[in-house]
Amino acid sequence: MSQQDFGDLAGSAANMGAPTVDMGDTSQAGMGAGAGMSAGVSAGATGVVTSDASREAAVRAIGLVKDYGRGASLVHALRGIDISFEKGAFTAIMGPSGSGKSTLMHTLAGLDSVTRGTVLVGGRDITKLNDKQLTLMRRSTIGFIFQSFNLLPMFDAEQNILMPLTLAGRKPDRAWMDQLVSVLGLADRLHHRPSEMSGGQQQRVAIARALITRPDVVFADEPTGNLDSVSSSEVLTLMRRLVDETGQTIVMVTHDATAASYADRAVVLADGRIVADRSHPTAEEMSSLLTSIMENLAAQHTAEGNHRLAALAGSSAGQNGHGEHRASARHAWEA
Ligand SMILES: Nc1ncnc2c1ncn2[C@@H]1O[C@H](COP(=O)(O)OP(=O)(O)OP(=O)(O)O)[C@@H](O)[C@H]1O
Ligand SMILES: [Mg+2]
């Protein structure tokens, strides 16, 4: 993206809600996401693949499985995820606590290994990369906003924002830095350390840090979870405009149906699987969908509990009830 494209944003933090966005010719400007990546013949040593779907996708997961632990402590965090995130789209990931949202973000961003399956970032299979290659890929391609800000406590806000560039030995683009700082309202906090800032301010620093390298893809794990409603809608409007005006690709985890309504698409996880995928989500639609998923999960857990009790009591009645319930729960989720 050019500085000019984003200039309007910086100059008008107060107007961030204004729907006067000129998407014109700038909508894909500066998007390096895969544009310079060649498509090879197969997913060989270079990890480059050829399918059309992967070329259009900023990020794609195929048969993604992630288990944690082993034996009695084995957890199936992701049970086979197939999904594509289109370039220049804003996607919300929703789902109950423990459904695998953070695990999905971490594995897609190469922050965590996969148990099975493939993750393509800009057409490149990142599961084949070694640690050094992963680090370089992340630095140039991915911005990550963590659920817990993950700022470095001994550095001030400015140093934290510039950290990805410092680590890469790259010079900051001062104009871009100033624009981010202005849009995120951080000008008077630049020389404060994280412990001297509110949660909302720390999260805004983390957002600036994720954007400072102009990454191809931004993963945001509950970026507004610690913000008040005004800051939250400002940040969401900023992300929306980044997508509309510069073609930024954003994948955002949120519990908040209103936050999800800023996205082009909402994907819902439950128990490590995708259970819904909606275009142009509305807050009402997502809210009622999540409610029904939670109710089904609760009913399923009750049925499983009853089943275990029945099994302990040597009765076969619980088994039938359990099987019937699972089928109906699955039916209610899918649409
Ligand atoms: N490092 C880990 N070791 C073992 N289990 C883990 C680890 N990280 C996550 N899990 C488990 O994997 C499952 C998915 O966790 P994850 O953090 O992805 O959920 P989530 O949807 O992000 O939840 P939340 O909304 O609470 O943030 C959970 O059962 C969790 O306990
Ligand atoms: Mg999480």
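The numbers here are math on the coordinates, done by the rules we state, and not lab data. Values in this document were obtained by computation on a predicted structure and should not be read as measured data. Note that each Cβ is placed from the backbone with ideal geometry, even for glycine, and that neighbours are counted across all protein chains shown.
Estimated from the Cβ-Cβ distance and a Förster radius of 51 angstrom, the FRET efficiency linking His301 and Asp173 is about 0.50. For the stretch 121-181, the fraction of C-alpha pairs more than 17 angstrom apart is 52%. Counting 0.36 nm for each residue step from Val230 to Val75 and taking away their Cα separation leaves a gain of 52.1 nm. Take the Cα of Arg139, step 7 Å toward its Cβ, do the same at Ser97, and the gap between the two points is 3.7 nm. Value of Rg to Rh for the stretch 146-217, rounded to two decimals, is 0.92; Kirkwood radius and Rg both from alpha-carbon coordinates.
Kindly identify the stretch 51-111 as rounded, prolate or oblate by the Cα gyration tensor criterion: order the square roots of the eigenvalues as a ≥ b ≥ c, call it rounded if a/c is under 1.5, otherwise compare a/b with b/c, prolate if a/b is larger, else oblate. Prolate.
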